[in-house]
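This report refers to the structure that appears directly beneath it.
The values are calculated or read from the model by the stated rules, or taken from the named source; none is laboratory data. All figures in this text were calculated on a predicted structure; none of them were measured in a lab. A quick note on method: Cβ atoms are made from the backbone with ideal geometry, for glycine too, and the neighbour counts reach across all protein chains shown.
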């Protein structure tokens with residue numbers, strides 16, 4: 001996201017309040033667009049349709065969106081991670097002519113892989129009407145497409161077009177889903193909702209192809225990248241599974257709900273965690289806008305001096321500058337996210353009253369906010385690892401998060417309602433501590449890592 005971050009930083013230099021608001025708004029949408037707007041659209045649609053449609057139909061609509069959102073993210077993880085690496089390399093050597101072919105090839109491959117599984121799930125596994133199954137499958141494909149296309153947004157300079165795409169699509173999704181309540185069916189609501197998502201997908205797709213106006217040639221020639229970057233591909237699936245595994249476990253809690261279709265959920269836990277995740281949006285926006293761009297400039301200086309055969313003192317100074325940029329970013333993150341975390345926890349009763357949320361969720365929400373604090377810190381540090389191409393350590397850390405989140409959530413689920421959410425919190429804390437130690441180890445010995453460990457003439 002550093003590329004679009006540099007463009008957004010220009011708004012900050014206007015030195016006015018509107019420029020600050022625009023820069024952080026664009027940054028938040030660019031970094032968290034599909035995730036953020038799906039939560040907001042889902043909440044808004046459920047709120048608008050609550051009085052106009054049968055509660056069972058509304059619950060079916062809500063759960064299909066959650067299932068599609070979760071599992072499409074896992075499916076899209078591997079190609080998104082590999083495409084990110086390929087695109088970064090292409091931008092570095094100034095050869096982005098294959099970007100359109102890459103996107104079309106990966107999108108086709110992704111839809112072909114997931115299609116049999118998704119169709120089997122909605123046709124044979126769950127008990128829904130034929131029309132609802134067709135609409136649900138279409139919704140899954142559209143959400144998957146948005147996840148993948150979002151990968152290519154990091155290099156776009158027209159952040160305004162990205163924001164407009166999400167804004168127009170969100171408005172259409174809300175209006176169309178609300179209009180669908182008139183029929184009283186989940187299928188009509190989901191069809192309307194999917195229409196807005198489709199608008200987002202095609203607008204973003206058009207923007208990417210406008211940014212890279214090159215012919216599509218041999219779209220499937222990049223399939224070998226999965227073998228070359230298998231750690232990245234696996235990381236995409238593992239990390240996205242880790243984000244969701246605590247919800248999947250909690251769908252088997254004693255308080256779970258099972259719809260007539262057979263689909264499981266625990267709405268109180270899901271809602272509490274979704275709301276907790278919203279607290280990290282400002283920090284992610286700040287990361288894209290200032291933290292990552294500051295680090296990237298230090299990163300470039302360090303490797304530029306190595307390529308220029310600079311003196312050891314000059315390279316060492318650049319190394320210290322990288323460490324300083326990481327520390328500055330960490331301080332920004334801790335202060336910003338910490339303040340949001342404390343304020344949200346203290347104001348939770350008032351917030352729940354205003355939003356008319358069931359107070360049975362407040363304990364899960366508060367511990368979820370604490371978990372999100374450590375989650376976003378570990379995410380920022382993991383991105384730092386990716387800059388140094390430390391794929392294997394990053395994969396192990398994500399596997400740690402997946403296993404810890406699943407196991408600890410299961411453990412605390414057995415202790416009763418008062419402990420719901422502690423599994424996610426502790427797993428995020430453990431992952432943050434491990435990620436911090438790994439980053440400190442590698443960055444602290446970066447010159448040795450660069451000149452010796454990563455030097456093929458030495459390792460050979």
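Computed quantities for the displayed model
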quantity: The lone exception for residue 154 - which of (1) assigned to a helix (DSSP H, G or I); (2) closer than 21 Å to residue 197 by Cβ; (3) modelled with pLDDT of 85 or more it fails; calculated: (3)
quantity: Set 75, 61: member being over 28 Å from residue 153 (Cα atoms), crowded, with 21+ Cβ neighbours inside 10 Å, assigned by TED's automatic domain parsing to the domain that holds residue 184 and modelled with pLDDT of 75 or more; calculated: 61
quantity: Qualifying residue in segment 237-253 (condition: touching a helix residue (DSSP H, G or I) at 6+ places or on another chain (Cβ under 9 Å), surrounded by 19 or more Cβ atoms within 10 Å (Cβ to Cβ), without any contact (Cβ under 8 Å) to a residue 40 or more places away in the chain and part of a helix (DSSP H, G or I)); calculated: no
quantity: Some residue of segment 401-418 being farther than 22 Å from residue 272 by Cα, at pLDDT 95 or above and assigned to a helix (DSSP H, G or I); calculated: no
quantity: Condition check for residue 149: on the phi < 0 side of the Ramachandran plot, modelled with pLDDT of 80 or more and part of a loop (DSSP other than H, G, I, E, B); calculated: no
quantity: Hey, residue 198 in a helix (DSSP H, G or I), touching a helix residue (DSSP H, G or I) at 6+ places or on another chain (Cβ under 7 Å) and more than 30 Å from residue 391 (Cβ to Cβ) or not; calculated: yes
quantity: Selection within segment 247-262 - under 14 Å from residue 62 (Cβ atoms) and within 24 Å of the chain's Cα centre (by Cα); calculated: 247, 251
quantity: Qualifying positions in segment 101-125 - touching a helix residue (DSSP H, G or I) at 6+ places or on another chain (Cβ under 8 Å) and touching a residue at least 60 places away in the same chain (Cβ under 8 Å); calculated: 101, 102, 103, 105, 106, 109
quantity: Residue 181 being assigned by TED's automatic domain parsing to the domain that holds residue 59, outside any loop (DSSP other than H, G, I, E, B), touching a helix residue (DSSP H, G or I) at 6+ places or on another chain (Cβ under 6 Å) and without any contact (Cβ under 8 Å) to a residue 40 or more places away in the chain; calculated: no
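Conditions (1) loosely packed, with under 14 Cβ neighbours inside 10 Å; (2) touching a strand residue (DSSP E or B) at 6+ places or on another chain (Cβ under 6 Å); (3) closer than 29 Å to residue 413 by Cα, marked per residue:
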{"residue": "313", "(1), (2), (3)": "yes, no, no"}
{"residue": "325", "(1), (2), (3)": "no, no, no"}
{"residue": "343", "(1), (2), (3)": "yes, no, yes"}
{"residue": "356", "(1), (2), (3)": "yes, no, yes"}
{"residue": "366", "(1), (2), (3)": "no, no, yes"}
